[in-house]
Amino acid sequence: MKKKILIVLLIIIVIALIGVGYFVFTDMQQEERLKTELSELNELVNAENIDMDAINDRLDRIVTTGDYAVVENAFKSYLRENFNNSIQIAEILNDEKIITLLTVENYKSDGKDFPESKNYITTTRSTLEDCKNKYTEFLTEEKTMYYINDKGLDSYYTDLYKDEFIGDMDSATQDTTVQDSIDDVIEILDTSEEILNLLSENQNSWEIEGENIVFNSESLSNEYNELISSL
């Protein structure tokens, strides 16, 4: 009788160990799948030639399950919003219209009140300032953890998200290249606006002759050239 009980207990223990081993193995598989997915996604985002379709395909899918899926979704949500904001910044910084605001062609087409140009400057500057604030916010721990906090996850998963995928935010905030580039363009927009205001307030003191702007006031010409040279 005792021998039968021992055999039954042994079978139960073996089954339990097999069950635990299975779940541990499955858990390890999920974590490895998550790390691979996010590593490959980061490579796509940081590639020299960005493939938007491939990135969006990755961002729109979830390859893990359970708590790992929550972590994956949190990171991809963070990355998606951060990436979209960065794309908007890049598009504005590379917008050729910025460098055509002070051309003779623009003076002819939009002068002498420059309503379209002034509206463009106001809108673009406001968008850039908003994008800059968002970009800086994305580099804070508070913002990065926003996507995973209050999900009811065990600390292991939140730590995995923070340490493995987000990383050290302090080192990221030390690089101000993007913010500096935005500030440079905003400064250009400010000066361009000042020049256009100068021209629109003195409409009778300048004309376009051929491919040049000509002033009938030396002081106005000097002020205009001084602003142009500051760009």
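Dipole size of the chain about its Cα centre, with +1 on Lys/Arg Cβ and -1 on Asp/Glu Cβ: approximately 2160 debye, rounded to the nearest 20. Magnitude of the charge dipole for region 84-149, about its Cα centre and with charges confined to Cβ atoms of Lys, Arg (+1) and Asp, Glu (-1), is about 140 debye. Legend: calculated FRET efficiency, residue 61 to residue 87, from the Cβ-Cβ distance at R0 = 25 Å, rounded to 0.05, equals 0.80. Taking the C-alpha atoms only, the angle from helix 2-45 to the longest principal axis of the chain is near 10 degrees.
Averaging the sequence gap over all C-alpha pairs within less than 8 Å and six or more residues apart, then dividing by the number of residues, gives region 88-231 a relative contact order of 33 percent. Computed over region 26-78, relative contact order equals 40 percent, with contacts defined as Cα pairs under 8 Å that lie 6+ residues apart.
Relative to the longest principal Cα axis of the chain, at what angle does helix 115-138 sit, 0 to 90 degrees, rounded to 10? The helix 115-138 is inclined about 30 degrees to the chain. Remark: C-alpha extents of region 47-182 on the principal axes read 64, 30, 27 Å, sorted largest to smallest. The region of the chain that goes longest without hitting one of the GluC sites (Glu not before Pro) in a DSSP loop, each with at most 13 other Cβ atoms within 10 Å, is 97-210. Calculated translational diffusion coefficient of the chain (20 °C, 1.002 mPa s; Stokes-Einstein with Kirkwood radius over alpha-carbon pairs) equals 95 µm²/s. The reciprocal of the average 1/r between distinct C-alpha atoms defines the Kirkwood hydrodynamic radius, which for region 112-218 equals 17.8 Å.
Seen against the Cα atoms of the chain and their longest principal axis, helix 218-229 is set at about 20 degrees. The helix-based estimate of mean residue ellipticity at 222 nm for the chain, built from -39,500 (n - 2.57) per DSSP H run of four or more residues and divided by its residue count, is -24000 deg cm²/dmol to the nearest 500.
In region 171-231, the alpha-carbon atoms span a convex hull of 86 Å³ per residue.
Here, each number is a calculation from the coordinates, and none is a lab measurement. Computed from a predicted structure; not experimentally measured. So basically every Cβ, Gly included, is an ideal-geometry build from the backbone, and we count neighbours across all protein chains shown.
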